[in-house]
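The values are calculated or read from the model by the stated rules, or taken from the named source; none is laboratory data. Being a predicted model, the structure only gives us computed values, none of them experimental. Heads up, the Cβs are rebuilt from the backbone with ideal geometry, glycines too, and the neighbour counts pull from every protein chain shown.
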């Protein structure tokens, strides 16, 4: 019996959450009663592939081997799902049965088979291909519908339309891969409202520019109708287009969830949440391992409207991701980490009536009521806000300009140029610290040296700290914001003026 054992080996991959794992697929064909077994902790979508594979083989002019077929998919201890294994299993069966010649190298395949032998792309293709990009197998075969995903991953691969195309590759040696690494992966700017539309809110405009430049967190507190929600929409337009690595990750997540047109240019995500958001919607579903709003906003903007009306569990769940720039889901005894590096903008009213910052007795709330209302935002949550900005109702001139100033000069292009320049400075400064490092999230041993904080500025900071204005986290937060201000102004070293501006955006006395 051992002499009649026919064995083949191919490679494919599967996705858990937004992480792909390379999988080794072994196929054995032995004499006996015709059976078809798939082992390796696979769900029904994989076990049902027998019907698709059998029909696809016959429709493509091959034959289904007689005997006992066993398909082993490793790692055997991880649960697998999806239909992307179809092409790899079918090819392995053709290798084991001698209908195709198996080359002496690693062969990677993925794609779903139709009953007529067609090969279709499946969700999360970009995630899987990105996983093999650094150590690409010798032969990579993917569906023709996965070209955009291959461009995202930047790999060398050959596309096929049907199972019969494998004859050209493995019988006649016509493997002709395309170098998708040379293909331009399109990135674009997110459409948004121009900065000039935020009338009468110069302080808020400046806060938005600083936040976009350093990936900082922003809390906007102000009267109803003063432009808080509009500010959240504006910030997307002053952020630069994503670079290739960022665009690749954005595209991968969108494709994983089958969202958007994969032929369009990739833009930074803008995610809107309000007080109706749940903890599951925020961090993701642990059963299906689908990412929530925090991960979907990666490399973009997460705007939380009416933040003071959020449920306490949701607010507390926001705290750790804002600091670690990632979110973790625990499922099946394992921890899954999703990146969540974005500009967080929260907007809310400073009191129940919303007019706490207005004069002339417009606010109807007592000091105790104001303090109780704002206490919905815990101290640790507020301490994680790099920029806190009060907004008041606009004056009559600003209101008039909303109607008459339609042809005013656009402000977003100049702001976007300044933001891009500041981000380039940070990219060069933190090039040895890894990817996606900004002033807001860099961790190092010597901040004074890396961020170029002179001794006199440190003395100035200590004087503020002695007055009890800031906590330890807030102390470092001021340095981070001051560094971004200096980057926007093109200064090598932080000045006292940069620190003073940063402190201006952290004071909450008027709110409390």
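Looking only at the range 362-375, residues that are surrounded by 15 or more Cβ atoms within 10 Å (Cβ to Cβ) and out of contact with any strand residue (DSSP E or B) (no Cβ under 9 Å at 6 or more places or on another chain) come to 5 in all.
Cβ-Cβ distances below 6 Å connect no pair with a first residue in the range 215-233 that is not assigned by TED's automatic domain parsing to the domain that holds residue 391, a second residue that is modelled with pLDDT of 90 or more and part of a loop (DSSP other than H, G, I, E, B), and a separation of six or more residues or different chains.
Would it be correct to say that residue 62 is part of a loop (DSSP other than H, G, I, E, B) and either in contact with a helix residue (DSSP H, G or I) (Cβ under 9 Å, 6 or more places away or on another chain) or buried (at least 17 other Cβ atoms within 10 Å of the Cβ) (or both)? When the stated conditions are applied, residue 62 passes them.
All told, residue 123 meets the bar of being outside the structural domain of residue 252 (by TED's automatic domain parsing) and within 19 Å of residue 15 (Cα to Cα). For the range 190-218, which positions are modelled with pLDDT of 95 or more and farther than 19 Å from residue 498 by Cα? None; the set is empty. Considering every residue within the range 306-320, establish whether at least one is at pLDDT 90 or above and either under 13 Å from the mean Cα position of the chain (by Cα) or within 28 Å of residue 414 (Cβ to Cβ) (or both). The answer is no, given that none of the residues of the range 306-320 is at pLDDT 90 or above and either under 13 Å from the mean Cα position of the chain (by Cα) or within 28 Å of residue 414 (Cβ to Cβ) (or both). Looking at (1) in contact with a helix residue (DSSP H, G or I) (Cβ under 8 Å, 6 or more places away or on another chain); (2) buried (at least 23 other Cβ atoms within 10 Å of the Cβ); (3) modelled with pLDDT of 90 or more, which one does residue 231 not meet, given that it meets all the others? Among (1) in contact with a helix residue (DSSP H, G or I) (Cβ under 8 Å, 6 or more places away or on another chain); (2) buried (at least 23 other Cβ atoms within 10 Å of the Cβ); (3) modelled with pLDDT of 90 or more, residue 231 violates only (3).
Taking (1) within 19 Å of residue 157 (Cα to Cα); (2) in a strand (DSSP E or B) in turn, residue 104 satisfies each apart from (2).
Residues satisfying the criterion are absent from the range 253-262 (criterion: closer than 16 Å to residue 218 by Cβ, out of contact with any helix residue (DSSP H, G or I) (no Cβ under 7 Å at 6 or more places or on another chain) and not assigned by TED's automatic domain parsing to the domain that holds residue 124). Scanning the range 156-197 for residues that are assigned to a loop (DSSP other than H, G, I, E, B), in contact (Cβ under 8 Å) with a residue 12 or more places away in the chain and touching a helix residue (DSSP H, G or I) at 6+ places or on another chain (Cβ under 6 Å) turns up 161, 175, 183, 185, 190, 192, 193, 194. Picking from residues in the range 69-88 that are touching a residue at least 40 places away in the same chain (Cβ under 8 Å) and not in a loop (DSSP other than H, G, I, E, B), the one that is nearest to residue 114 (Cα to Cα) is 87. Per this entry, residue 350 is not counted among residues that are buried (at least 19 other Cβ atoms within 10 Å of the Cβ) and farther than 27 Å from residue 224 by Cα.
Would you check if residue 123 is surrounded by fewer than 19 Cβ atoms within 10 Å (Cβ to Cβ), within 28 Å of the chain's Cα centre (by Cα) and in contact (Cβ under 8 Å) with a residue 40 or more places away in the chain? Criteria met by residue 123. Exactly one of (1) under 20 Å from residue 18 (Cβ atoms); (2) under 16 Å from the mean Cα position of the chain (by Cα); (3) not in a loop (DSSP other than H, G, I, E, B) is unmet by residue 280. Its number? Going through the list (1) under 20 Å from residue 18 (Cβ atoms); (2) under 16 Å from the mean Cα position of the chain (by Cα); (3) not in a loop (DSSP other than H, G, I, E, B), residue 280 breaks only (2). Does residue 53 meet the test of being assigned to a strand (DSSP E or B), within 20 Å of residue 102 (Cα to Cα) and in contact (Cβ under 8 Å) with a residue 24 or more places away in the chain? Here the answer is no, as residue 53 does not meet what is asked. Within the range 324-343, can one find any residue that is more than 15 Å from the chain's Cα centre (by Cα), surrounded by 15 or more Cβ atoms within 10 Å (Cβ to Cβ), closer than 26 Å to residue 215 by Cβ and modelled with pLDDT of 90 or more? No, the conditions are met nowhere in the range 324-343. Might you let me know whether the range 32-48 holds any residue that is touching a residue at least 60 places away in the same chain (Cβ under 8 Å) and in the same structural domain as residue 154 (by TED's automatic domain parsing)? No, there is no match, as no residue in the range 32-48 is touching a residue at least 60 places away in the same chain (Cβ under 8 Å) and in the same structural domain as residue 154 (by TED's automatic domain parsing). Got at least one residue in the range 244-255 being in contact (Cβ under 8 Å) with a residue 12 or more places away in the chain, in a loop (DSSP other than H, G, I, E, B) and either out of contact with any strand residue (DSSP E or B) (no Cβ under 6 Å at 6 or more places or on another chain) or under 17 Å from residue 347 (Cα atoms) (or both)? No, that holds for no residue.
The sole residue among 428, 417 that is in the same structural domain as residue 372 (by TED's automatic domain parsing), at pLDDT 90 or above, exposed (fewer than 15 other Cβ atoms within 10 Å of the Cβ) and more than 30 Å from residue 193 (Cβ to Cβ) is 428. Examine the range 2-17 for a residue that is over 13 Å from residue 93 (Cα atoms), in a strand (DSSP E or B) and out of contact with any strand residue (DSSP E or B) (no Cβ under 6 Å at 6 or more places or on another chain), and state whether such a residue exists. Yes, the range 2-17 contains a residue that is over 13 Å from residue 93 (Cα atoms), in a strand (DSSP E or B) and out of contact with any strand residue (DSSP E or B) (no Cβ under 6 Å at 6 or more places or on another chain).
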